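Notes for the one structure printed next.
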Amino acid sequence: MSPAAPAARTSSAPLYAAGFVTAFGAHSVAAGMGAQSGNIGLTLLTLGVLLAAYDISEVFLKPVFGALSDRIGTKPVIVGGLLAFAALSIPGLWGSDPLMLGMARLGQGAAAAAFSPAASAMVARMAGGKNAGTYFSRYGSWKSLGYVIGPLLGAGLILAGGFALLFAALSVLAAAAALWVLLCVPHVEPLPRQRYTILDLARQVTERRFLVPTLVLAASTGAMGAAIGFLPALATRHGLGPVAGTATVSVLAIAALLVQPRIGKMRDQQRISDSHGMTAGLLLTAGGVALIALAPGPVTLFISAAAIGAGVGAATPLGFAHLADTTPPERMGRTMGSAELGRELGDAGGPLLVGGIATASALPFGLGALALLIAAASLPRLTKTPIDAGTPGSRKDG
(Lines give C-alpha, C1' and ligand atoms only; values in the text may rest on other atoms or scores of the structure.)
Protein backbone atom coordinates (compact mmCIF):
# COMPACT_ATOMS: atom_id res chain seq x y z
CA MET A 1 0.00 0.00 0.00
CA SER A 2 1.41 3.38 -0.95
CA PRO A 3 1.95 6.04 1.75
CA ALA A 4 -0.64 8.20 0.02
CA ALA A 5 -3.34 5.56 0.49
CA PRO A 6 -3.82 5.96 4.27
CA ALA A 7 -3.78 9.74 3.88
CA ALA A 8 -6.40 9.60 1.14
CA ARG A 9 -8.53 7.29 3.26
CA THR A 10 -8.23 9.64 6.26
CA SER A 11 -9.14 12.75 4.27
CA SER A 12 -12.05 11.04 2.49
CA ALA A 13 -13.63 9.68 5.68
CA PRO A 14 -15.12 13.07 6.68
CA LEU A 15 -16.77 13.26 3.26
CA TYR A 16 -18.39 9.90 3.86
CA ALA A 17 -19.60 11.28 7.19
CA ALA A 18 -21.21 14.19 5.34
CA GLY A 19 -23.08 11.68 3.17
CA PHE A 20 -24.20 9.87 6.31
CA VAL A 21 -25.52 13.12 7.80
CA THR A 22 -27.84 13.88 4.89
CA ALA A 23 -29.18 10.30 4.71
CA PHE A 24 -29.61 9.95 8.45
CA GLY A 25 -31.19 13.40 8.79
CA ALA A 26 -33.66 12.92 5.96
CA HIS A 27 -34.87 9.45 6.93
CA SER A 28 -34.88 9.78 10.71
CA VAL A 29 -37.08 12.88 10.60
CA ALA A 30 -39.33 11.49 7.84
CA ALA A 31 -39.91 8.24 9.70
CA GLY A 32 -40.48 10.13 12.94
CA MET A 33 -43.06 12.43 11.39
CA GLY A 34 -44.93 9.47 9.96
CA ALA A 35 -44.95 7.62 13.27
CA GLN A 36 -45.87 10.67 15.36
CA SER A 37 -48.26 12.37 12.93
CA GLY A 38 -51.31 11.61 15.05
CA ASN A 39 -49.65 12.80 18.26
CA ILE A 40 -48.68 16.21 16.84
CA GLY A 41 -51.87 16.83 14.88
CA LEU A 42 -50.65 16.31 11.32
CA THR A 43 -53.24 15.60 8.64
CA LEU A 44 -52.22 13.40 5.71
CA LEU A 45 -51.93 16.50 3.54
CA THR A 46 -49.75 18.31 6.07
CA LEU A 47 -47.59 15.21 6.49
CA GLY A 48 -47.13 15.00 2.73
CA VAL A 49 -46.10 18.66 2.54
CA LEU A 50 -43.60 18.25 5.37
CA LEU A 51 -42.14 15.12 3.79
CA ALA A 52 -41.74 16.92 0.46
CA ALA A 53 -40.19 20.07 1.96
CA TYR A 54 -36.74 18.49 2.25
CA ASP A 55 -36.71 17.29 -1.38
CA ILE A 56 -38.17 20.54 -2.71
CA SER A 57 -35.26 22.49 -1.24
CA GLU A 58 -32.76 20.08 -2.76
CA VAL A 59 -34.34 20.07 -6.22
CA PHE A 60 -34.01 23.83 -6.60
CA LEU A 61 -30.69 24.38 -4.85
CA LYS A 62 -28.39 21.44 -5.64
CA PRO A 63 -27.34 22.67 -9.11
CA VAL A 64 -26.80 26.16 -7.68
CA PHE A 65 -24.51 25.00 -4.89
CA GLY A 66 -22.78 22.55 -7.21
CA ALA A 67 -21.83 25.43 -9.51
CA LEU A 68 -20.77 27.51 -6.49
CA SER A 69 -18.37 24.77 -5.39
CA ASP A 70 -16.71 24.98 -8.83
CA ARG A 71 -16.25 28.71 -8.31
CA ILE A 72 -14.99 28.92 -4.71
CA GLY A 73 -13.89 25.34 -4.00
CA THR A 74 -15.70 22.35 -2.56
CA LYS A 75 -14.43 22.47 1.03
CA PRO A 76 -15.97 25.85 1.97
CA VAL A 77 -19.34 24.74 0.57
CA ILE A 78 -19.24 21.45 2.48
CA VAL A 79 -18.26 23.07 5.78
CA GLY A 80 -20.76 25.91 5.31
CA GLY A 81 -23.54 23.49 4.37
CA LEU A 82 -22.93 21.26 7.40
CA LEU A 83 -22.86 24.26 9.75
CA ALA A 84 -26.07 25.54 8.16
CA PHE A 85 -27.61 22.09 8.67
CA ALA A 86 -26.67 22.28 12.34
CA ALA A 87 -28.13 25.78 12.74
CA LEU A 88 -31.28 25.17 10.70
CA SER A 89 -32.08 22.04 12.73
CA ILE A 90 -32.66 24.22 15.80
CA PRO A 91 -36.33 25.07 14.95
CA GLY A 92 -36.96 21.33 15.19
CA LEU A 93 -36.46 21.60 18.95
CA TRP A 94 -40.08 22.77 18.88
CA GLY A 95 -41.08 19.84 16.65
CA SER A 96 -44.51 19.49 18.26
CA ASP A 97 -45.46 22.63 16.32
CA PRO A 98 -46.01 21.71 12.62
CA LEU A 99 -44.83 25.17 11.49
CA MET A 100 -41.49 24.87 13.32
CA LEU A 101 -41.14 21.29 12.09
CA GLY A 102 -41.69 22.48 8.52
CA MET A 103 -39.13 25.27 8.91
CA ALA A 104 -36.55 22.80 10.20
CA ARG A 105 -37.30 20.33 7.42
CA LEU A 106 -37.05 23.00 4.72
CA GLY A 107 -33.84 24.40 6.20
CA GLN A 108 -32.21 20.99 6.47
CA GLY A 109 -33.02 20.29 2.83
CA ALA A 110 -31.50 23.60 1.74
CA ALA A 111 -28.33 22.92 3.74
CA ALA A 112 -28.05 19.36 2.40
CA ALA A 113 -28.39 20.81 -1.11
CA ALA A 114 -25.11 22.62 -0.43
CA PHE A 115 -22.88 19.97 1.09
CA SER A 116 -24.21 16.86 -0.69
CA PRO A 117 -23.19 17.68 -4.31
CA ALA A 118 -20.04 19.43 -3.09
CA ALA A 119 -19.05 16.27 -1.20
CA SER A 120 -19.68 14.17 -4.32
CA ALA A 121 -17.52 16.56 -6.36
CA MET A 122 -14.78 16.43 -3.72
CA VAL A 123 -14.85 12.62 -3.73
CA ALA A 124 -14.45 12.73 -7.53
CA ARG A 125 -11.56 15.20 -7.30
CA MET A 126 -9.81 13.08 -4.69
CA ALA A 127 -10.23 9.97 -6.82
CA GLY A 128 -8.36 11.86 -9.53
CA GLY A 129 -9.45 9.56 -12.35
CA LYS A 130 -8.35 6.46 -10.43
CA ASN A 131 -10.47 4.13 -8.29
CA ALA A 132 -13.58 6.30 -8.66
CA GLY A 133 -15.70 3.19 -8.24
CA THR A 134 -14.12 2.41 -4.88
CA TYR A 135 -14.47 5.97 -3.61
CA PHE A 136 -18.11 6.32 -4.64
CA SER A 137 -19.05 2.86 -3.40
CA ARG A 138 -17.72 3.78 0.05
CA TYR A 139 -19.53 7.11 -0.07
CA GLY A 140 -22.74 5.34 -1.08
CA SER A 141 -22.28 2.71 1.62
CA TRP A 142 -22.16 5.37 4.32
CA LYS A 143 -25.33 6.90 2.90
CA SER A 144 -26.95 3.46 2.96
CA LEU A 145 -25.91 3.12 6.60
CA GLY A 146 -27.78 6.35 7.27
CA TYR A 147 -30.83 4.92 5.55
CA VAL A 148 -30.60 1.75 7.68
CA ILE A 149 -30.20 3.23 11.13
CA GLY A 150 -31.92 6.58 10.52
CA PRO A 151 -35.51 5.42 11.13
CA LEU A 152 -34.52 3.10 13.99
CA LEU A 153 -32.26 5.52 15.85
CA GLY A 154 -34.62 8.41 15.11
CA ALA A 155 -37.51 6.48 16.65
CA GLY A 156 -35.41 5.74 19.72
CA LEU A 157 -34.43 9.40 20.15
CA ILE A 158 -38.05 10.55 19.75
CA LEU A 159 -39.17 7.95 22.28
CA ALA A 160 -36.52 9.14 24.75
CA GLY A 161 -36.93 12.90 24.34
CA GLY A 162 -39.33 13.78 21.53
CA PHE A 163 -38.43 15.66 18.37
CA ALA A 164 -36.32 18.05 20.47
CA LEU A 165 -33.79 15.30 21.22
CA LEU A 166 -33.74 14.08 17.60
CA PHE A 167 -33.08 17.53 16.16
CA ALA A 168 -30.53 18.32 18.88
CA ALA A 169 -28.67 15.12 17.97
CA LEU A 170 -28.78 16.01 14.26
CA SER A 171 -27.46 19.51 14.99
CA VAL A 172 -24.54 18.16 17.03
CA LEU A 173 -23.80 15.47 14.43
CA ALA A 174 -23.69 18.00 11.57
CA ALA A 175 -21.49 20.40 13.56
CA ALA A 176 -19.09 17.56 14.41
CA ALA A 177 -18.92 16.52 10.74
CA ALA A 178 -18.23 20.13 9.74
CA LEU A 179 -15.34 20.32 12.21
CA TRP A 180 -13.98 17.01 10.94
CA VAL A 181 -14.07 18.20 7.33
CA LEU A 182 -12.49 21.54 8.31
CA LEU A 183 -9.58 19.89 10.12
CA CYS A 184 -8.91 16.78 8.02
CA VAL A 185 -9.94 17.45 4.42
CA PRO A 186 -7.38 19.33 2.33
CA HIS A 187 -8.44 22.46 0.52
CA VAL A 188 -8.55 21.78 -3.21
CA GLU A 189 -8.20 24.96 -5.20
CA PRO A 190 -10.92 25.57 -7.80
CA LEU A 191 -9.64 25.10 -11.31
CA PRO A 192 -9.74 27.81 -13.97
CA ARG A 193 -13.10 27.57 -15.65
CA GLN A 194 -13.97 28.07 -19.28
CA ARG A 195 -16.72 30.63 -19.82
CA TYR A 196 -19.91 28.81 -20.78
CA THR A 197 -22.93 30.14 -22.62
CA ILE A 198 -26.49 28.92 -22.15
CA LEU A 199 -26.09 26.91 -25.36
CA ASP A 200 -22.94 25.26 -23.98
CA LEU A 201 -24.79 24.33 -20.80
CA ALA A 202 -27.71 22.91 -22.78
CA ARG A 203 -25.32 20.85 -24.89
CA GLN A 204 -23.48 19.48 -21.85
CA VAL A 205 -26.59 18.36 -19.97
CA THR A 206 -27.97 16.63 -23.06
CA GLU A 207 -24.79 14.66 -23.79
CA ARG A 208 -25.17 10.91 -23.53
CA ARG A 209 -22.26 10.66 -21.08
CA PHE A 210 -24.29 12.80 -18.66
CA LEU A 211 -27.84 11.75 -19.48
CA VAL A 212 -27.38 7.98 -19.27
CA PRO A 213 -25.82 7.78 -15.78
CA THR A 214 -28.16 10.49 -14.50
CA LEU A 215 -31.16 8.52 -15.81
CA VAL A 216 -29.77 5.45 -14.05
CA LEU A 217 -29.40 7.37 -10.78
CA ALA A 218 -32.94 8.76 -11.09
CA ALA A 219 -34.45 5.33 -11.81
CA SER A 220 -32.54 3.70 -8.95
CA THR A 221 -33.54 6.36 -6.46
CA GLY A 222 -37.15 6.27 -7.67
CA ALA A 223 -37.26 2.54 -6.98
CA MET A 224 -35.74 2.97 -3.54
CA GLY A 225 -38.10 5.82 -2.63
CA ALA A 226 -41.15 3.82 -3.68
CA ALA A 227 -39.94 0.67 -1.95
CA ILE A 228 -39.24 2.47 1.32
CA GLY A 229 -42.77 3.83 1.27
CA PHE A 230 -44.73 0.84 0.01
CA LEU A 231 -42.89 -2.22 1.36
CA PRO A 232 -44.02 -1.50 4.96
CA ALA A 233 -47.57 -0.88 3.73
CA LEU A 234 -47.59 -4.21 1.89
CA ALA A 235 -46.14 -5.96 4.92
CA THR A 236 -49.01 -4.65 7.03
CA ARG A 237 -51.54 -5.80 4.42
CA HIS A 238 -50.14 -9.32 4.63
CA GLY A 239 -50.30 -9.47 8.39
CA LEU A 240 -46.59 -8.97 9.15
CA GLY A 241 -46.99 -5.92 11.39
CA PRO A 242 -45.03 -2.66 11.58
CA VAL A 243 -41.81 -4.24 12.90
CA ALA A 244 -41.60 -6.59 9.93
CA GLY A 245 -42.43 -3.67 7.64
CA THR A 246 -39.45 -1.75 8.99
CA ALA A 247 -37.35 -4.90 8.61
CA THR A 248 -38.06 -5.05 4.85
CA VAL A 249 -36.64 -1.53 4.47
CA SER A 250 -33.61 -2.54 6.54
CA VAL A 251 -33.03 -5.57 4.28
CA LEU A 252 -33.11 -3.27 1.24
CA ALA A 253 -30.61 -0.83 2.75
CA ILE A 254 -28.29 -3.55 4.04
CA ALA A 255 -28.22 -5.21 0.60
CA ALA A 256 -27.21 -1.88 -0.96
CA LEU A 257 -24.64 -1.36 1.79
CA LEU A 258 -23.01 -4.74 1.16
CA VAL A 259 -23.09 -4.68 -2.65
CA GLN A 260 -21.65 -1.21 -3.28
CA PRO A 261 -18.04 -1.79 -2.12
CA ARG A 262 -17.82 -5.02 -4.13
CA ILE A 263 -19.14 -3.38 -7.29
CA GLY A 264 -16.82 -0.41 -6.89
CA LYS A 265 -13.80 -2.67 -6.56
CA MET A 266 -14.80 -4.77 -9.57
CA ARG A 267 -15.24 -1.60 -11.61
CA ASP A 268 -11.80 -0.27 -10.73
CA GLN A 269 -10.24 -3.67 -11.53
CA GLN A 270 -11.86 -3.49 -15.01
CA ARG A 271 -13.89 -6.63 -14.25
CA ILE A 272 -17.18 -4.89 -15.02
CA SER A 273 -17.96 -2.04 -17.38
CA ASP A 274 -20.06 0.93 -16.38
CA SER A 275 -22.61 0.27 -19.12
CA HIS A 276 -23.12 -3.42 -18.43
CA GLY A 277 -23.04 -2.94 -14.66
CA MET A 278 -25.65 -0.18 -14.66
CA THR A 279 -27.88 -2.19 -17.00
CA ALA A 280 -27.65 -5.28 -14.79
CA GLY A 281 -28.33 -3.20 -11.68
CA LEU A 282 -31.45 -1.61 -13.14
CA LEU A 283 -32.79 -4.92 -14.44
CA LEU A 284 -32.30 -6.51 -11.02
CA THR A 285 -34.08 -3.53 -9.44
CA ALA A 286 -36.94 -3.76 -11.94
CA GLY A 287 -37.22 -7.48 -11.24
CA GLY A 288 -37.52 -6.83 -7.51
CA VAL A 289 -40.28 -4.27 -8.03
CA ALA A 290 -42.08 -6.56 -10.49
CA LEU A 291 -41.96 -9.43 -7.98
CA ILE A 292 -43.99 -7.58 -5.36
CA ALA A 293 -46.35 -6.31 -8.07
CA LEU A 294 -47.09 -9.83 -9.33
CA ALA A 295 -46.73 -11.98 -6.20
CA PRO A 296 -46.72 -9.98 -2.97
CA GLY A 297 -46.40 -12.11 0.14
CA PRO A 298 -44.51 -12.47 3.41
CA VAL A 299 -41.52 -14.17 1.75
CA THR A 300 -41.45 -12.34 -1.57
CA LEU A 301 -41.45 -8.95 0.18
CA PHE A 302 -38.04 -9.72 1.69
CA ILE A 303 -36.72 -11.24 -1.54
CA SER A 304 -37.88 -8.16 -3.41
CA ALA A 305 -36.29 -5.84 -0.86
CA ALA A 306 -32.95 -7.64 -1.21
CA ALA A 307 -33.13 -7.54 -5.02
CA ILE A 308 -33.99 -3.82 -5.11
CA GLY A 309 -31.24 -3.01 -2.64
CA ALA A 310 -28.64 -5.04 -4.54
CA GLY A 311 -29.68 -3.52 -7.86
CA VAL A 312 -29.53 0.02 -6.51
CA GLY A 313 -26.21 -0.80 -4.83
CA ALA A 314 -24.79 -1.91 -8.16
CA ALA A 315 -26.10 0.89 -10.36
CA THR A 316 -25.55 3.91 -8.10
CA PRO A 317 -21.75 3.87 -7.59
CA LEU A 318 -21.23 3.04 -11.27
CA GLY A 319 -23.36 6.03 -12.29
CA PHE A 320 -21.46 8.44 -10.07
CA ALA A 321 -18.07 6.95 -10.99
CA HIS A 322 -18.83 7.30 -14.69
CA LEU A 323 -19.80 10.94 -14.20
CA ALA A 324 -16.58 11.52 -12.24
CA ASP A 325 -14.45 9.96 -14.97
CA THR A 326 -16.16 11.76 -17.85
CA THR A 327 -16.49 15.28 -16.43
CA PRO A 328 -13.77 17.92 -16.74
CA PRO A 329 -12.58 18.65 -13.16
CA GLU A 330 -13.30 22.37 -13.41
CA ARG A 331 -17.05 21.73 -13.68
CA MET A 332 -17.31 18.68 -11.44
CA GLY A 333 -19.48 20.47 -8.85
CA ARG A 334 -22.07 21.59 -11.39
CA THR A 335 -22.25 18.14 -12.95
CA MET A 336 -22.67 16.43 -9.58
CA GLY A 337 -25.29 18.99 -8.56
CA SER A 338 -27.25 18.39 -11.75
CA ALA A 339 -26.96 14.61 -11.33
CA GLU A 340 -28.15 14.91 -7.73
CA LEU A 341 -31.12 16.89 -9.09
CA GLY A 342 -31.95 13.89 -11.26
CA ARG A 343 -31.83 11.67 -8.18
CA GLU A 344 -34.18 13.98 -6.26
CA LEU A 345 -36.67 13.98 -9.13
CA GLY A 346 -36.56 10.19 -9.14
CA ASP A 347 -36.94 10.08 -5.37
CA ALA A 348 -40.08 12.20 -5.60
CA GLY A 349 -41.38 10.76 -8.88
CA GLY A 350 -41.21 7.06 -7.99
CA PRO A 351 -43.59 7.20 -5.01
CA LEU A 352 -45.85 9.70 -6.80
CA LEU A 353 -46.12 7.46 -9.86
CA VAL A 354 -46.94 4.37 -7.81
CA GLY A 355 -49.33 6.23 -5.53
CA GLY A 356 -51.12 7.98 -8.37
CA ILE A 357 -51.70 4.83 -10.42
CA ALA A 358 -52.62 2.85 -7.30
CA THR A 359 -55.24 5.45 -6.39
CA ALA A 360 -56.79 5.23 -9.85
CA SER A 361 -56.61 1.43 -10.09
CA ALA A 362 -54.67 -0.80 -7.67
CA LEU A 363 -51.21 -0.93 -6.09
CA PRO A 364 -49.91 -3.81 -8.28
CA PHE A 365 -50.55 -1.67 -11.38
CA GLY A 366 -48.58 1.21 -9.90
CA LEU A 367 -45.65 -1.05 -8.99
CA GLY A 368 -45.83 -2.74 -12.38
CA ALA A 369 -45.63 0.62 -14.17
CA LEU A 370 -42.60 1.57 -12.08
CA ALA A 371 -40.91 -1.75 -12.91
CA LEU A 372 -41.45 -1.15 -16.64
CA LEU A 373 -40.02 2.37 -16.46
CA ILE A 374 -36.95 1.16 -14.56
CA ALA A 375 -36.39 -1.57 -17.14
CA ALA A 376 -36.78 1.01 -19.93
CA ALA A 377 -34.14 3.21 -18.24
CA SER A 378 -31.64 0.35 -18.70
CA LEU A 379 -31.91 0.50 -22.51
CA PRO A 380 -29.84 3.62 -23.38
CA ARG A 381 -26.15 2.84 -23.80
CA LEU A 382 -23.03 4.86 -23.07
CA THR A 383 -20.87 6.12 -25.88
CA LYS A 384 -17.64 4.34 -26.71
CA THR A 385 -15.51 7.42 -26.06
CA PRO A 386 -17.23 9.12 -23.16
CA ILE A 387 -14.94 12.09 -22.70
CA ASP A 388 -13.29 14.70 -24.83
CA ALA A 389 -9.76 13.97 -25.88
CA GLY A 390 -7.23 15.32 -23.48
CA THR A 391 -9.46 15.39 -20.44
CA PRO A 392 -7.96 13.61 -17.43
CA GLY A 393 -9.66 10.48 -16.18
CA SER A 394 -10.69 9.12 -19.57
CA ARG A 395 -12.16 5.63 -19.43
CA LYS A 396 -13.36 3.62 -22.40
CA ASP A 397 -16.61 1.85 -21.93
CA GLY A 398 -19.02 -0.05 -24.02
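The values are calculated or read from the model by the stated rules, or taken from the named source; none is laboratory data. Predicted model, so just to flag it, every value in this text is computed and none were measured. For accessibility, only protein heavy atoms count, side chains too; no ligands or nucleic acids. Shrake-Rupley method; radii C 1.70, N 1.55, O 1.52, S 1.80 Å.
Structural remarks
- Shape index of the chain: Rg/Rh, with Rg the Cα radius of gyration and Rh the Kirkwood radius from the inverse mean 1/r over Cα pairs, equals 0.96.
- Convex hull (Cα only) mean projected area of segment 143-190, reported in nm² to one decimal: 4.4 nm²
- Centre separation in Å (Cα based) which lies between segment 78-120 and segment 226-276: 26 Å
- At the residue level, Glu189 shows approximately 120 square angstrom of accessible surface with a 1.4 angstrom probe and all protein chains present.
- Of the residues Ser275, Ser96, ranked by 1.4 Å probe accessible area with the largest first, the sequence reads Ser96, Ser275.
- For segment 72-127, the fraction of C-alpha pairs more than 12 angstrom apart is 62%.
- Solvent-accessible ranking of Asp347, Asp97, largest area first, probe 1.4 Å: Asp97, Asp347
- Using 0.36 nm per residue and subtracting the Cα-Cα separation, the extra length available between Val172 and Thr359 on full extension is 63.3 nm.
- Remark: relative contact order (segment 227-360) = 28 percent; criterion is Cα-Cα distance under 8 angstrom and separation of 6 or more residues.
- With the biggest extent put first, the Cα atoms of segment 222-319 measure 45, 23, 20 Å across the principal axes.
- Area of Trp142 that stays accessible when all protein chains are in place (1.4 Å probe, Å², to 10): 110 Å²
- Percent of Cα-Cα distances greater than 17 Å, calculated over segment 97-178: 60 percent
- Taking 0.36 nm per residue of sequence separation and removing the Cα-Cα distance, the Asn39/Leu183 pair yields an extension gain of 47.7 nm.
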